[in-house]
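J.: Following this message is one structure expressed as structure tokens.
The values are calculated or read from the model by the stated rules, or taken from the named source; none is laboratory data. Please read all numbers here as calculations on a predicted model, not as lab measurements. Each accessible area value is taken on the protein alone, full model and side chains, heavy atoms only, with ligands, DNA and RNA left out. Shrake-Rupley method; radii C 1.70, N 1.55, O 1.52, S 1.80 Å.
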Amino acid sequence: MGDVIGYLIFWVIAFIIFAVAEAISVRLIAIWFAVGSIAAFIATLIDMPFWMQIIVFFFCSFLLLIVTRPLTKKLINQNVEGSNADCLIEKIGTVIERIDNQRAMGRVSVNGMEWAARSCDDTIIAVDEKVTIESIDGVKVMVTKLMPQKLPENL
């Protein structure tokens, strides 16, 4: 009986640790292990040996992780709002200062605004070349040189 009480206390402490870790974190990282602790606690109540309790803990934790993680990621990322800068992606800009990644220099003008720019493929891009904004990295736009055959007619 003493072992059972010790195991019950162990799983309660494990649950508290995982629950506190989940409460402190911004992301869902420990909730599955807290639920696994509850399952192992129940396994202790029905008098399973400790090695089986450990298996129940890991099995339940990882099963819940595998089954629910994609759903929770989708729900968490659903509320992420893009910044105004995200509207620049795939826009065409004009190089106003030569883009040279090795020298950490380059600027482009896009929609009347100037941005620090870097080449996605490390090529040097000359002034007045047209570029496509591929992504935004901090305060820099990552660009690729627009090939002449891809230029829209209105440029």
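J.: Leaving ligands, DNA and RNA out of it, work out the accessible area of Val127 with a 1.4 Å probe and give it in Å² to the nearest 10.
T.: In the full protein context, Val127 sits at about 70 Å².
J.: Order Glu22, Glu129, Glu134 by their accessible area, 1.4 angstrom probe, all chains in place, largest first.
T.: Glu134, Glu129, Glu22
J.: Any idea of Met113's accessible area? Nearest 10 Å², probe 1.4 Å.
T.: Met113 has an accessible surface of roughly 90 Å² with all protein chains in place.
J.: While we're on this one: Keeping all protein chains in the complex and leaving out DNA, RNA and ligands, what accessible area do you get for Lys140 with a 1.4 Å probe, in Å² to the nearest 10?
T.: Lys140 exposes around 60 Å² with every protein chain in place.
J.: At 1.4 Å probe size, put Ile124, Ile89 in order of accessible surface, largest to smallest.
T.: Descending order: Ile124, Ile89.
J.: Rank these by accessible area, largest first, 1.4 Å probe: Val20, Val56.
T.: So the residues, ranked largest to smallest area, are Val20, Val56.
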